[in-house]
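Right, one structure below, let's go through it.
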Amino acid sequence: MRRRGGLLIGVLAGVLALAAAGCGGGDDNGGGSASATTAAPAATAAPETTAAAGGGGDDELKLVTAGFKFDKTSLDLKSGSSYTVEVDNQDSAEHNFTFKEAGADQDVEGNEDATVTFTAPAAGSYEFHCKYHPGTMKGTVTVT
Ligand SMILES: [Cu+2]
């Protein structure tokens, strides 16, 4: 019952028609129109205030755990400053953020977030880790 030949030819004709249309219309970039590259007003570079750390508010850090790893393996902190670390756990397994010398020991359920606040200890080099997977999930904390 099916007339394959006729159908094929119909399809082919359609494809050709589409291709032709594509050729004609796809050329809208080149043209003679002097393309005035709309220069974005890039002059809004906000001056970075380097010395904004006097307010005493918590500095916030974010760590992502995925694939049984932290996305950062080093943290730089300032002694005596208060920090809030947010851990975004993208694994289904439970993880943990432990920074013993600062008294931080925060569990993070699978696929959840948790935050822990602590004060950076005296200057020195320390370690942070997940207490459930300390072999693979760890990093260094440098306090200055
Ligand atoms: Cu872990």
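Whenever a residue of the stretch 108-131 is on the phi < 0 side of the Ramachandran plot, its partners that are of a type in the set (S, T, Y) and within 14 Å of the ligand (Cβ to nearest atom), lying with C-beta atoms within less than 8 angstrom and at least six residues away or across chains, give the pairs V108/T65; G110/S92; F128/T98; H129/T98; C130/T65; C130/T98; K131/T98. Could you please find all residues in the stretch 121-142 being in contact with a helix residue (DSSP H, G or I) (Cβ under 9 Å, 6 or more places away or on another chain), aliphatic (A, V, I, L, M) and more than 11 Å from L75 (Cα to Cα)? Residue satisfying the conditions is A122 alone. Total residues in the stretch 118-144 satisfying the condition of being away from the ligand (no atom under 16 Å from the Cβ) and either touching a Pro at 6+ places or on another chain (Cβ under 6 Å) or open to solvent by less than 40 Å² (accessible area, probe 1.4 Å) (or both): the figure is 6. Out of everything in the stretch 61-117 that is within 11 Å of the ligand (Cβ to nearest atom) and in a loop (DSSP other than H, G, I, E, B), what residue ends up being most open to solvent (accessible area, probe 1.4 Å)? That would be K69. Within the stretch 35-55, not a single residue is at pLDDT 95 or above, farther than 25 Å from A120 by Cβ, open to solvent by 50 Å² or more (accessible area, probe 1.4 Å) and small (G, A, S).
The values are calculated or read from the model by the stated rules, or taken from the named source; none is laboratory data. This structure is a prediction, so every number in the text was calculated from the model and none was measured. Note: ideal-geometry Cβ built from the backbone for every residue, glycine included; neighbour counts use all protein chains shown. These area figures cover heavy atoms from the full protein model, side chains too; ligands, DNA and RNA do not enter into them. Shrake-Rupley method; radii C 1.70, N 1.55, O 1.52, S 1.80 Å.
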